[in-house]
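The values are calculated or read from the model by the stated rules, or taken from the named source; none is laboratory data. Since we're looking at a predicted model, the values are computed, not measured. Here Cβ is always computed from backbone atoms with ideal geometry, including for glycine, and neighbour counts include all displayed protein chains.
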Amino acid sequence: MLAKLKEQLLSGSAEEYLQGLFDRIEHSKLNAFNALARESAVSRAREFDRQLWGGALAGVPIAIKDGISTRGIETTCSSRILRGYIPPYDAHVIERLKAEGAIIMGKTNMDEFAMGTSTETSCFGPTRNPWDLDRVPGGSSGGSAAAVAGGEAPCALGSDTGGSVRCPASFCGVVGLKPTYGLVSRYGLISYANSLEQIGPLTTTVEDTALLLDVISGHDPRDTTSLEKDSYLNLEEGVCGLKIGVPDEYFGEGVDPLVEKSVWEAISRMEELGASWQKVSLPHTRYALASYYIIAMSEASSNLARFDGLRYGHREAEDQDWHTTFSEVRAAGFGKEVQRRVLLGTYALSAGYYGRYYLKALKVRTLIKEDFQRAFQEVDLIASPTMPFPAFKIGERIADPLTLYMADVFTVPINLAGVPAISLPCGFSQGLPIGLQLIASHFQERLMLRAALAYEEATPYHLQTPEVAA
Amino acid sequence: MTQKGDVIIGLEVHVQLNKLQSKLFCGCSTAYHNSPPNSHTCPVCLGLPGSLPVLNRKSVEYGLRVALALNCQVQQETYFYRKNYYYPDLPKGFQISQYDFPLAVGGSILIKGDDGERKIRITRVHMEEDPGRLVHAGTIDRAKYSMVDYNRCGMSLLEVVTEPDMRSPKEARAFLDKLRTILEYLDVFDGDLEGSMRVDSNISLAGGERAEVKNISSHKGVEKALSYEITRQRNMKRRGIRVIQETRHFDEARNITVSIRTKEEAHDYRYFPEPDLVPLRVADWVPEVAASLPELPDARRESFVSQYGMTDDHAKSLTSDIKVADFYEAVARESPPRLAAVWIADVLKGELNYRGLTIDRFSRQDMVTILEMLSSERIAEDGAVQVIRALLDQGGLPQDIVKARKLERAGDQAVMKAVQEAVAECSAALEDYRKGNERALNFIVGQVMKKTRGRASPTEAFRLVKEAVDRMDA
Ligand SMILES: [Zn+2]
């Protein structure tokens, strides 16, 4: 898709194409974007049309999740507390995109500070699923996924802390990848839970995801947890000879039967393409959610402490002593879900509870990592549903946080283990997309992508588009 | 009332590693003194959303130098933690510090105690980032608003924590002086910069609760605050009032400590490992850092005694400040070392202290000149003192001062000696003179001028020679 688009931009007009996207967005019901950089993007496109510069993403417009810092473009994390904050610097990934000739279109909607599975906790209101406007697009990178699925952007970046790229990819029927922890620099990504999250691409095809990953990955001295990359281009080796593990713990109770059926069909398809499959066990899966939420909320309580209104963002009308002012700014600036997670995280880190919760959660994390290490001694990839069910209705689950948290059951173990995973379309359930999740061992993105590509080439699901995108 | 030995003092000293070029976690320059507020900042030290810390490896090296000089055990691996609390000078809402697995533990240094040498144990040495600085509009209690300057924010701090091993405010001060000396020897610290060393001190009387006096920035202030606390705690004890465990502030203007009535609940900093920084295997760095350590004060003191033949007191005085020690050694290369020791340790240091000046204010060459004038007996001792004072107060050149103030020893002993020698040596000229040749005396005067290298005035020399000869003949 992007390869074709690049040719089209070279022979046609980038400005025209971009104006078309912006017109579509302006008449859209999706609410995928928080801010549009129409002026700067169009002027870049005009420049491109004159200069026809090179680069892996020459002239390609891209939508960016609103949790990634973009110089000169308001960056809010969909939170009232960051309204008006215009970063003075670009995130590492934005620098990379620009260096490869891409054009930043604007910032996409998300769950406030990436805390959610539905993009309903945004201060800008929910984003709608292009396949059914009454349904959520998934979250937290719901705006990015909806924009790509709805034809409002050819590609996008999201971030994935516990499934935030893969869940909306699955719900919106697009491809989304969560890289190995450390493959992509987090410099400029506004932290929710920094030991878990990575920036990842959302696109309509595996090839495009690979192309974006190739651009944004690699060591950045400003993120000391980031490491060297492999090449993710030219993935024609296929799936033949690969061993695929199927974990019992990711099937059965709580999983929509149609979802389960589609994933099994996908496994059979890969078998036909020359792969083999076998059962593997990930026995600590059932402790993953508890461990994930304790670690994520604990880190969040500290990461979000900087939002006090003093230096940027939301400020309450009247200043009092600093203590009162901070409290009022935070009470007014953070939404309910953010407040809930900050409070729970603060509690979990408190003296006397640290050992009982945080340290224990870290021990469980180690066990989960070991589960994957053991499994990957036997198999090359693990296949599972990305989400246990297709997109649910807006408002259906938001009132019950615990049920909502349960939806992350197949995505959070991957973040705890730090391994990479990709979600790609593998079927439909009553008109709603279903996502297949392929998981690989640390830094085995290449192997994962080539299996995903082989599967995609053999199936029609990625070619279907929702009516709104027509 | 004085019960010796019932005072228990422990210190936590925050040392700014201000000789580093850049801050602890970003590339901002450390030379922010005298710069406009918030001009030495970047997304990282301002804690802007999305910024990440990158450890300055030189900070770790400096920290290790200190740890080794304090005879500490360096950890195999060291971790950074987040210390979570809210304050306007803390832009991230947490401070990156250390908790479990600090840089180094279990050291000690020797200080001059109240009764001889005392060993002060070092509990731990850890790294952390400095917060910004609040500037109040007016005084702290009456200010309508405050402003924040983040220039200091993110500077490398080293926290040195001692065991409660000091028994008097004087010992606490001796510890701080010694620590400063060591830090300056290590070339990691400039104690003259504002706010470079801040001290929290814990003090209690045996059996009583301890009070913590926080954030004192001068050694003298620490001594005064602790002395006040001893009196306060003794008085309370005598009246049967229990001392409570609390944090107190030293009011430098009034020389008293006052209770800081903050929130009653104990601080819970919710320490947890900083996920953005990977653990650091510091043990691997130790051999190289150890090999590069300079000579430390105690060793240099010993070598001064043996190398220059000075007294231990002089050696101690000269080595207690690395700048003085370096000054001395430069002067001693061109002057009699023992004479230099006496004059620098006993006179120059005293005159500098009296004026609140440092040794940088005095030229090494001037000191060499003064010592040379002294040893050639061109000026007398109190003349030399006057020259030193004049140099400090008005400046100028030693020779000009000697001339202007007529400090030269007129007919002084050097000339007298030369006269006597010349008269004794020139028996032929003397004979001629006695035979009536008045001009024969000129030859003897010429010899005097030669011996004094021209410093004696010719008329004066003639007069002295004539007097000497006449005395002989009388
Ligand atoms: Zn900085």
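Quick rundown of the values:
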item	result
From A:GLY435, A:GLY418, residue being under 21 Å from the mean Cα position of the chain (by Cα) and on the phi > 0 side of the Ramachandran plot	A:GLY418
Search result, residues across the range A:196-224 that are surrounded by 22 or more Cβ atoms within 10 Å (Cβ to Cβ), within 14 Å of chain B (Cβ to nearest Cβ) and of a type in the set (Ser, Thr, Tyr)	none
Where A:PHE334 falls short, out of the listed (1) over 28 Å from A:GLY139 (Cβ atoms); (2) in contact (Cβ under 8 Å) with a residue 40 or more places away in the chain; (3) of a type in the set (A, V, I, L, M, F, W, C)	(1)
Residue selected from the range B:152-163 under the condition farther than 18 Å from B:GLY191 by Cα and buried (at least 24 other Cβ atoms within 10 Å of the Cβ), by the criterion nearest to the chain's Cα centre (by Cα)	B:THR162
Candidate set from the range A:279-329 (those that are within 13 Å of chain B (Cβ to nearest Cβ) and basic (Lys, Arg)); member that is nearest to A:LEU196 (Cα to Cα)	A:ARG306
Subset of the range A:156-182 [out of contact with any helix residue (DSSP H, G or I) (no Cβ under 7 Å at 6 or more places or on another chain) and either aliphatic (A, V, I, L, M) or within 13 Å of another protein chain (Cβ to nearest Cβ) (or both)]	A:VAL165, A:TYR181, A:GLY182
The range A:409-436, subset of a type in the set (Gly, Ala, Ser) and either modelled with pLDDT under 95 or over 20 Å from A:VAL184 (Cβ atoms) (or both), residue surrounded by the most Cβ atoms within 10 Å (Cβ to Cβ)	A:GLY435
Residues of the range A:365-397 satisfying the condition of being of a type in the set (A, V, I, L, M, F, W, C), more than 15 Å from A:TYR250 (Cα to Cα) and surrounded by 20 or more Cβ atoms within 10 Å (Cβ to Cβ)	A:PHE376, A:VAL379, A:ALA391, A:PHE392, A:ILE394
Residues of the range B:78-92 that turn out to be in contact with a helix residue (DSSP H, G or I) (Cβ under 7 Å, 6 or more places away or on another chain) and either more than 11 Å from chain A (Cβ to nearest Cβ) or in contact (Cβ under 8 Å) with a residue 40 or more places away in the chain (or both), as a count	6
Those helices (runs of 4 or more DSSP H) lying entirely in the range B:294-351 with at least 1 residues farther than 20 Å from B:ARG364 by Cβ	B:297-308, B:312-319
Subset of the range B:340-371 (residues that are of a type in the set (S, T, N, Q) and either touching a residue at least 60 places away in the same chain (Cβ under 8 Å) or under 17 Å from B:ASP326 (Cα atoms) (or both))	B:THR358, B:SER363, B:GLN365
Residue check, B:GLU117 out of contact with any Gly (no Cβ under 8 Å at 6 or more places or on another chain), within 30 Å of B:LYS170 (Cβ to Cβ), within 16 Å of the ligand (Cβ to nearest atom) and not polar (S, T, N, Q)	no
B:LYS224 being more than 14 Å from chain A (Cβ to nearest Cβ), touching a residue at least 40 places away in the same chain (Cβ under 8 Å) and assigned to a strand (DSSP E or B)	no
Members of the range A:1-42 found to be polar (S, T, N, Q) and surrounded by fewer than 13 Cβ atoms within 10 Å (Cβ to Cβ), listed by number	A:SER11
Residues being near the ligand (Cβ under 9 Å from one of its atoms), in a loop (DSSP other than H, G, I, E, B) and either among the hydrophobic types (A, V, I, L, M, F, W, C) or surrounded by fewer than 23 Cβ atoms within 10 Å (Cβ to Cβ) (or both) - total across the range B:22-39	4
The range B:17-33 residues that are not assigned by TED's automatic domain parsing to the domain that holds B:LEU157, paired with ones that are assigned to a loop (DSSP other than H, G, I, E, B) and near the ligand (Cβ under 10 Å from one of its atoms) (beta carbon under 8 Å, 6 or more apart)	none
Subset of the range B:354-382 that is in a loop (DSSP other than H, G, I, E, B) and among the aliphatic types (A, V, I, L, M) - its residue that is nearest to B:GLU329 (Cα to Cα)	B:LEU357
B:LEU68 being crowded, with 19+ Cβ neighbours inside 10 Å, of a type outside the set (D, E, K, R) and more than 28 Å from B:ASP298 (Cα to Cα)	no
Set A:TYR187, A:TYR292, A:TYR181, A:TYR192: member being over 20 Å from A:SER144 (Cα atoms), in contact (Cβ under 8 Å) with a residue 12 or more places away in the chain, under 19 Å from the mean Cα position of the chain (by Cα) and assigned to a loop (DSSP other than H, G, I, E, B)	A:TYR181
Residue check, B:ALA253 outside the structural domain of B:TYR79 (by TED's automatic domain parsing) and either surrounded by 14 or more Cβ atoms within 10 Å (Cβ to Cβ) or among the hydrophobic types (A, V, I, L, M, F, W, C) (or both)	no
Unmet criterion (only one of (1) modelled with pLDDT of 95 or more; (2) within 16 Å of the ligand (Cβ to nearest atom)) for B:ARG133	(1)
Any hit, the range B:155-168, residues being assigned to a loop (DSSP other than H, G, I, E, B) and within 16 Å of the ligand (Cβ to nearest atom)	yes
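Results for (1) acidic (Asp, Glu); (2) within 14 Å of chain A (Cβ to nearest Cβ); (3) within 16 Å of the ligand (Cβ to nearest atom); (4) not in a helix (DSSP H, G or I), shown as yes or no for each residue.
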position	(1), (2), (3), (4)
B:GLU12	yes, no, no, yes
B:VAL44	no, yes, yes, yes
B:PRO49	no, yes, yes, yes
B:VAL54	no, yes, yes, yes
B:LYS58	no, no, yes, no
B:ARG65	no, no, no, no
B:LEU68	no, no, no, no
